[in-house]
Every structure is written in C-alpha cells, then in structure tokens.
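Single-structure report; data block below.
The values are calculated or read from the model by the stated rules, or taken from the named source; none is laboratory data. Note that the structure is a prediction, hence the values are computed from the model and not measured. Please note: Cβ atoms are built from the backbone with ideal geometry, for glycine as well, and neighbour counts cover all protein chains shown.
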Amino acid sequence: MILAFFGLASRLIGLWRDRILAGSFGASTSLDIYYSAFKIPDFIFNLIVLGAVSSAFIPVFIEKYRFDKIRAWYLAQNFLSAIFVVVLTVCCLTFIFIRSLTFIFIPGFSGADRELVISLTRLMLLSPIIFSFSTVIGSILQALERFWAYAIAPIFYNLGIIIGAVYFAPLVASRGYSEVYGLGLGVILGVLLHFLIQLPAVLRAGFRFKILFDWADDGLRKIFRLMIPRTIGLGAYSIDLIVTNAIASTMTAGSIAMFNFANNLQFVPISVIGISMATAVFPSLSFHASGQEKSEFSRKLNSALKNTFFVVLLLAIIIAILSPFLIQLLFGNGLFSDQNVEQTAGILSIFMIGVVAQSLVPIVSRAFYAIQNTRIPVIISIITIIINICLGLLFSFVFHWGVRGLALAFSISGNFNFITLWIMFYRSFKKY
C-alpha cells in the first residue's frame, strides 16, 4: 500500500511534468530531441545496473542477511564499488565515441538537431553514474522491507525534471543556449534528489559506504553469474526501445513525443499496481524460496497476480473509454494542438490492449528471480522483443499505421510475454 500510494503520487506528478512539457514545447522536434537523448544513458543504466539489482542482488543479499549480517553489508559495499567503476568507465567511453553511436541509436536526426542530441546526451551521461548509487541503496531498502524512502524517491526525480522545465529551460534560453539543455539539467537534479532522499534511510539501516574490490567474494560472483541472463534481456529490451524510437524518428515531427506521452500514461497502472505489487512481494518470495517454503510462496504469488489482474483490468477499461478526455485534460494546453490530442488518445487506447499483461509481467519475473532462475525470463523476453520489432516494422512501414502501429505491436508482444512467462514459471516451479 505504501508503494502503491507513493507510486500513484509519483505518476501524478509525472503526468503534471508531461503536461508542462506538452504545454511548453508541444509535439515538437525539441521534445523529440529531449526524449532521444535519454536512450543511450538509459541503455547503459539498464544494461549494467538494473539487471544486476532487479534479478540478482536482492535475492543474494537477503540470503546473506538471513544468516550473516556482517557478510551481507560486506557484499553490498563490494557490489556498489564494482558497479560504480563499471558504469563510470562505460560512460566515459560513451562520452568519447558518442558521435558514432548516435548514427546507430538515433538515425532520424541530422544537422543542428543531431548536434543538439549529441550534446544533450553527453550532459545526461551523469544520470546513470548517480543512479548506480541510488539504485543499489534503494535495493537494500527493498530487501530489508523499508519502503518509505524508496517509494518517495521517484517523486523527487519527477520534481527535478519539472524544475528543469519551469526554471532551468527559460534560464539557459535567456543565455543563448537551447532550452532543452534546461531539461537535461532538470534530469540531473532529479537523479541527485532520488539518491539523497534514500541516503539517510539506508544509513539508519546500517549500511556504510566503503570502497571494496574483492572480486573473489563468492556473493559477488554469484550476483554476476545470475545477472548475466537478465542483463542480456534488459540489453535487448533497451535495443527494442531504441529501435522503436528510431522508427518513430523517421515519422512526422512530434511522433516520439506523442508516443512517450501515451506510454507514460499507460505506465500509471503498470507502475502503481503491477510494479508496486511486484516490489512489495519480491522480498517475501525470495525469503520463502530460500527456505523451500513452496506453499507460502505459491499463496503469495497467486494473491499478488489475482489482485493485480482485477484492479488493472478495471483501470484499463476506464482509461480506454476516457482516453480523449484524459489526453485533453492532461496535455491539451499551450502548444499541444487538438490534432496532437486526438492522435495521442488513439495511441493510448491501443496501449490499453496490453496494459494488464504488462502489469503482471513484473510479478511473474520476480517469482523467477526469487527461485534464482534468470535464464527463462530472458529467453522469453528476447523472443518478445523480436516479435515487437517485427510487428512494429510491419505495422509502420507496410500497413502505414504510423505511431499507432508501434503501440499495437507493443501491446500484442506484451500479452505474449505474460502468457509464456506464466506457463513456463509453473513448469519450472514444480521442479524447484
């Protein structure tokens, strides 16, 4: 309930953030540049940090903490040091070779627009470095079931972006620079606030920062061994997002912005219900799995899936019916035209076809991670991504459905992902 409440608050502030962006920039090339500059920093973060934390660190940390707290803290210090060095190195290399990477990741821009994407991406490479600290300490709080600071942190992240749009963007524009740099500075502020709000809580829990590089530690090796499949899966997912962004960048100006606005609104039920439920139940699933308590494991997993299904289904129906009204209410101001509202509402309605499945996937995935099986989810994820990319290309360039085709591909592949995950989990759990 804590996670759902603050998840809802964060998403509402996120929608306020999008309303400010829509009103200030409209569905424009500037906003397309801003969203495109996220792609490479997000790819680095997902590939290196998120895969390790979401699938490997929490179960292994809980396993250590259950029997030896001192070794658990040692593992956390060692893991954080290793992750920070890897992220810093990759970000520095990316900063140097960014010009070549943009031709691959963001092919739809040229001339001054491409140069702006390159400069803004370099600025935003600070975000995965800070996020590496914030995500690891947040995962410690999750493992210890101390959810308050972890739940509040995304609110401050969104507030940072809002400050960037309202204050930093006009400020840098008055100095003769593009106002999208102000949005980039807002992202950096948001990431820093995300870290600082969790810092006191993790220190109270007993964690202390210490530089360690014990590569021979069995816990660290186990984390890296478990994270490899998940990292491959997240890398494929990031490539999926990049391909989707690349396809949208070849369409009319504002296509990327409209897709992102609808996608962000779609993620309200996914985040508030699905991810909150998955995050809350994950430590318990890991605890019961480590003790071979299969009946309690099944009971909590089934309860989480059933409750999430009914709540998100109701929300999906309401959002689909009210999508024109919602988009008009949230984004129909300033430079965001009536045509933009109509197109974004259509994209949102299509997203609702897959939103229930997308909300259930995090729960089933964490059930796999709890039994320390990261291989099957990544295989299914990669197959899902291939389906999404193929359908996206088919719907966009053969049927010429534009951004709506990308949304339909996302929804169809999302349903395939959940159904396959659910079937494979129960086959694996019987053998566990």
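Here are the numbers for the structure shown:
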item: Subset of the stretch 154-176 that is among the small types (Gly, Ala, Ser) and surrounded by 15 or more Cβ atoms within 10 Å (Cβ to Cβ) - its residue that is nearest to residue 20 (Cα to Cα); result: 165
item: Members of the stretch 363-419 found to be within 30 Å of residue 62 (Cβ to Cβ), in a helix (DSSP H, G or I), modelled with pLDDT under 90 and not aliphatic (A, V, I, L, M), listed by number; result: 365, 366, 368, 369, 375, 377, 381
item: Filtered residues of the stretch 333-348 (kept if touching a Lys or Arg at 6+ places or on another chain (Cβ under 9 Å) and free of Cβ contacts under 8 Å to residues at least 60 places away in the same chain); result: 346
item: Search result, residues across the stretch 383-432 that are touching an Asp or Glu at 6+ places or on another chain (Cβ under 8 Å) and under 14 Å from residue 263 (Cβ atoms); result: 388
item: Among (1) within 30 Å of residue 342 (Cα to Cα); (2) crowded, with 18+ Cβ neighbours inside 10 Å - the single one residue 283 does not satisfy; result: (1)
item: Residue count for the stretch 72-101, restricted to those that are touching a residue at least 40 places away in the same chain (Cβ under 8 Å) and farther than 21 Å from residue 199 by Cα; result: 5
item: Where a residue in the stretch 398-409 is outside the structural domain of residue 258 (by TED's automatic domain parsing) and its partner, wherever it lies, is part of a helix (DSSP H, G or I) and basic (Lys, Arg), with Cβ under 8 Å and at least six apart; result: none
item: Top-ranked residue of the stretch 224-270 - restricted to ones that are in contact with a Gly (Cβ under 6 Å, 6 or more places away or on another chain) and either closer than 30 Å to residue 78 by Cα or acidic (Asp, Glu) (or both), ranked as modelled with the highest pLDDT; result: 227
item: Number of the condition not met by residue 338 [criteria: (1) surrounded by fewer than 22 Cβ atoms within 10 Å (Cβ to Cβ); (2) farther than 21 Å from residue 19 by Cα]; result: (2)
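Here is a yes/no grid of residues against (1) touching a residue at least 40 places away in the same chain (Cβ under 8 Å); (2) closer than 30 Å to residue 302 by Cβ:
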site: 195; (1), (2): yes, no
site: 200; (1), (2): yes, no
site: 218; (1), (2): no, no
site: 221; (1), (2): no, no
site: 227; (1), (2): yes, yes
site: 262; (1), (2): yes, no
site: 267; (1), (2): yes, yes
